[in-house]
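The values are calculated or read from the model by the stated rules, or taken from the named source; none is laboratory data. This one's a predicted model, so the numbers in the text were calculated from it and none came from an experiment. As a convention, Cβ positions derive from the backbone with ideal geometry for all residues, glycine included, and neighbour counts pool all protein chains shown.
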Amino acid sequence: MNEIEREQRYGAHNYAPLPVVLSHAKGVWVWDIEGTRYLDMMSAYSAVSHGHAHPRLVAALTAQAQRLAIVSRAFYSDKLGAFLERLCDLTTLDGALPMNTGAEAVETAIKAARRWGYSVKRIPAEKAEIIVADGNFHGRTTTIVGFSSEPAYRADFGPFAPGFVRVPFGDIDAVRAAITPNTCAVLFETIQGEGGVIVPPDGFLRSLRDLCTEQNVLMLLDEIQSGLGRTGRWFAYQHEGIVPDGVMLGKALGGGLLPVSAFVARHDIIDLFEPGSHGSTFGGNALAATVALEALDVMADEDLPGRSAELGEYFLLRLRAIHSPVIREVRGRGLWVGIEIDPALADAHDLAMRLLRRHILAKETRSTVLRLAPPLIIERAEIDMCVGALKAVLAEAEAEQVTA
Ligand SMILES: *Cc1c(COP(=O)(O)O)cnc(C)c1O
C-alpha cells in the first residue's frame with residue numbers, strides 16, 4: 001500500500017487531497033516523498049503565514065517543550081500572561097480568552113455575545129439573536145455549521161442551534177433590517193475566505209461599526225484567516241480605521257507549528273466569563289503561548305503585514321495583467337487572492353491539478369475560485385514563478401477548450 005492508499009483505507013474521507021504526498025518543508029517550499037520541490041501558494045489557509053519551519057519559531061517551540069508545555073489552566077504559567085497582553089496591545093482591546101482551533105474561538109465569541117445580550121442588554125432569556133452572513137465560514141462545530149449557507153457543510157448534521165439570522169455579505173441595509181431588540185451581535189468575516197475571497201464594498205465595516213454602536217449590538221469580526229498580516233495590515237478591519245468589540249484569531253497565530261486561537265474583546269464582554277463558565281484543556285498552554293507570542297514578535301520584526309501589502313499589490317497587478325477568457329475576476333487584498341474562473345471554460349479544481357504538475361501548491365475554494373495565499377515571506381521572484389506557471393496552465397486549459 002502506498003501512502004495515498006493507506007490514508008484512504010484507514011481515514012475518513014472528509015477531505016479530497018490533491019495527489020501529492022508531502023514530507024518536509026522550509027520557508028515557501030515543500031518537498032514530496034520523491035524529492036520534488038513545490039512552491040506553497042496556499043500556506044494551509046494562512047496557518048503558515050510565517051513560512052514553514054521558521055527558525056525562530058522552531059527554536060522557541062523546542063526550547064519551551066523541554067521546559068513546560070501542558071499544565072492546564074488549573075495553575076498559572078510564566079508564559080500565558082505575556083501572550084495575552086500582546087494580543088490586547090495589538091488589537092487595542094482589553095482581554096483575551098485563549099483556545100486552540102479557530103472554531104473554538106468562534107464558539108467562545110458566540111457564548112460571550114449571548115451572555116452580554118442577557119446580562120447587559122437585557123434580552124429575554126433564550127431569545128438572543130446573532131446576525132451572520134450568507135457564504136460565511138466560521139468552522140465545523142454543529143452550532144457553527146448550523147448557520148452556514150453551504151449545503152455540503154450542513155447535510156444531515158442537524159438539528160441545529162437556533163438564534164442565528166443570515167443576511168447577504170457586505171449589505172449594510174440588510175444588516176440594519178435584520179436587527180431586532182433581541183440582536184446581541186453581528187458576526188462576520190472581514191473578507192470571506194472559504195466563500196471565495198469575497199471583499200465587501202469599501203466602507204462596509206465603517207458603516208457596520210456605526211450601526212452596531214447606534215443599535216447597541218456587538219460587532220464581532222472573525223479574523224482567523226484574514227488577520228495577522230494576510231491583507232497587508234495586522235487586522236483587516238484596520239483598512240477602515242475601526243475597532244470591533246471582539247475579534248477571533250487563529251491560524252497564523254500558531255506560527256505554522258501549533259493550533260492556537262483566541263477571542264479578544266472589550267472588558268465588559270470578556271469579564272462576563274467567570275470560573276467554570278468556559279474552558280479548554282489545552283487552551284493557553286505554556287507551549288502554545290510561547291510559540292504564539294514568538295509568532296507575533298516575528299511578524300512585527302519582519303514586518304510581514306508590510307510585506308503582504310507591498311508584494312500583494314505587485315501580485316494583484318501581475319495577475320490582473322493576464323488576459324485570459326477563463327478569468328472572470330481577480331480580487332483580493334494583500335497576499336490573498338481569489339481568481340474567479342468562468343465555469344463554462346474551465347474548472348478551478350482542474351486548474352489546481354495543472355498547477356500541481358507545474359510544482360505549485362494551490363487549491364480551489366467553492367468550485368469556481370482558485371485561491372492563492374502564499375506565506376508572507378514570499379519573494380518577488382517566487383511570485384513571478386507562480387504567475388508564469390498560472391499563465392501556462394491557463395493557456396493549456398484554453399487550448400483544450402478550443403479543441404474540445
Ligand atoms: C479556518 C477558519 C475558521 C476555523 O478554524 P479551524 O482552526 O479550522 O477550526 C474559522 N473562521 C475562518 C474565517 C476561517 O478561515
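Being in contact with a strand residue (DSSP E or B) (Cβ under 7 Å, 6 or more places away or on another chain) and not hydrophobic (A, V, I, L, M, F, W, C) is the filter; apply it to the stretch 107-127 and report the residue that is nearest to the ligand (Cβ to nearest atom).
If we take residues in the stretch 107-127 being in contact with a strand residue (DSSP E or B) (Cβ under 7 Å, 6 or more places away or on another chain) and not hydrophobic (A, V, I, L, M, F, W, C), then Thr108 is nearest to the ligand (Cβ to nearest atom).
When you check Arg122 against the structure, is it exposed (fewer than 15 other Cβ atoms within 10 Å of the Cβ), farther than 21 Å from Gly256 by Cβ and of a type in the set (Lys, Arg), yes or no? When the stated conditions are applied, Arg122 passes them. For the stretch 23-62, taking the residues that are within 23 Å of Asp297 (Cα to Cα) and aromatic (Phe, Trp, Tyr), the one that is modelled with the lowest pLDDT is identified as Tyr45. Among the residues of the stretch 253-277, those that are within 23 Å of the chain's Cα centre (by Cα) and either on the phi > 0 side of the Ramachandran plot or loosely packed, with under 15 Cβ neighbours inside 10 Å (or both) comprise Gly255, Gly256. Within the stretch 110-125, count every residue that is in contact (Cβ under 8 Å) with a residue 40 or more places away in the chain and in contact with a helix residue (DSSP H, G or I) (Cβ under 9 Å, 6 or more places away or on another chain). Residues meeting the conditions: 8. All of (1) out of contact with any Leu (no Cβ under 9 Å at 6 or more places or on another chain); (2) free of Cβ contacts under 8 Å to residues at least 40 places away in the same chain hold for Leu22 with one exception: (1).
Using the structure shown, decide if Gly250 is surrounded by 21 or more Cβ atoms within 10 Å (Cβ to Cβ), within 26 Å of Ile172 (Cα to Cα) and in contact with a Gly (Cβ under 8 Å, 6 or more places away or on another chain). Taking the combined requirement at face value, the residue does not satisfy it.
Taking the stretch 55-83 as the search range and keeping residues that are outside any helix (DSSP H, G or I) and free of Cβ contacts under 8 Å to residues at least 12 places away in the same chain, which one is surrounded by the most Cβ atoms within 10 Å (Cβ to Cβ)? Only one residue fits best here, namely Tyr76.
Number of residues in the stretch 86-106 that are closer than 17 Å to Leu187 by Cβ and either buried (at least 22 other Cβ atoms within 10 Å of the Cβ) or near the ligand (Cβ under 9 Å from one of its atoms) (or both): the value is 9. Against the list (1) over 30 Å from Thr62 (Cα atoms); (2) of a type in the set (Asp, Glu); (3) surrounded by fewer than 19 Cβ atoms within 10 Å (Cβ to Cβ), the condition Asp245 fails is (3).
Against the test of being in contact with a helix residue (DSSP H, G or I) (Cβ under 7 Å, 6 or more places away or on another chain), surrounded by 15 or more Cβ atoms within 10 Å (Cβ to Cβ) and in a helix (DSSP H, G or I), the options Val393, Val330 yield a single qualifying residue, Val393. Looking only at residues of the stretch 306-324 that are in a helix (DSSP H, G or I) and touching a helix residue (DSSP H, G or I) at 6+ places or on another chain (Cβ under 7 Å), we find that the one that is nearest to Asp78 (Cα to Cα) is Leu311.
Pairing each residue of the stretch 167-190 that is in contact (Cβ under 8 Å) with a residue 40 or more places away in the chain with any residue that is in a helix (DSSP H, G or I) and within 16 Å of the ligand (Cβ to nearest atom), provided the two are 6+ apart or on different chains, yields C-beta distances under 6 Å for Cys184/Ala113; Ala185/Ala113; Thr190/Ala236; Thr190/Tyr237. Applying a threshold of 7 Å to beta carbon distances and a minimum spacing of six or more residues, or different chains, the list of pairs starting in the stretch 29-54 at a residue that is closer than 16 Å to Arg380 by Cα and of a type in the set (A, V, I, L, M, F, W, C) and ending at one that is assigned to a helix (DSSP H, G or I) and more than 16 Å from the ligand (Cβ to nearest atom) reads Leu39/Glu382; Leu39/Met385; Leu39/Cys386; Met41/Cys386. Can you tell me which residue within the stretch 278-305, out of those that are part of a helix (DSSP H, G or I) and of a type in the set (D, E, K, R), is surrounded by the most Cβ atoms within 10 Å (Cβ to Cβ)? By that ranking, first place goes to Glu294. When each of Ala381, Ala373 is tested for being crowded, with 18+ Cβ neighbours inside 10 Å and modelled with pLDDT of 95 or more, the lone residue that passes is Ala373. Looking at this structure, is Ala344 among the small types (Gly, Ala, Ser) and in contact with a Leu (Cβ under 8 Å, 6 or more places away or on another chain)? For Ala344, the condition - among the small types (Gly, Ala, Ser) and in contact with a Leu (Cβ under 8 Å, 6 or more places away or on another chain) - is not met.
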